[in-house]
């Protein structure tokens with residue numbers, strides 16, 4: 001019997017990256033950006049894509065939040081909740097490494 005995987009929790013110091021099995025690609029037929037993972041495809045909206053493109057393995061979540069707050073002219077507090085919830089969901093699906 002295999003032990004269940006321990007859930008990794010997002011923090012402001014987490015440094016997210018895309019695992020090797022996850023790719024961001026342009027679908028030439030739909031002219032839309034797709035996130036590809038083995039046997040899965042996701043069609044992120046523009047904001048989700050902005051978050052994913054910042055998951056470079058160098059930028060901590062706090063910096064990603066600050067950058068997005070500036071880019072969208074939004075309060076960091078509002079951006080923080082959305083970004084951490086998104087990253088937690090994608091981490092739980094093994095689509096983002098923390």
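A few notes on this one:
- Stokes-Einstein diffusion for the range 1-64 at 25 °C, viscosity 0.890 mPa s, with a Kirkwood radius from C-alpha pairs, works out to 181 µm²/s.
- You can think of it this way: the chain between residue 9 and residue 47 has 11.6 nm of extra reach, that is 0.36 nm per residue less the Cα-Cα gap.
- Over the range 23-92 - Rg/Rh using Cα atoms and the Kirkwood inverse-distance radius: 1.00
- Between the range 56-85 and the range 1-46, the alpha-carbon center distance in angstrom: 18
- The ranking of 8, 84 by Cβ neighbour count inside 10 Å, starting from the fewest, reads 8, 84.
Every number here is computed from the coordinates shown, using simple stated rules; none is lab data. Here the structure is a predicted model, which means the values were calculated and not measured. Glycine gets a Cβ as well: all are built from the backbone with ideal geometry, and neighbour counts include every protein chain shown.
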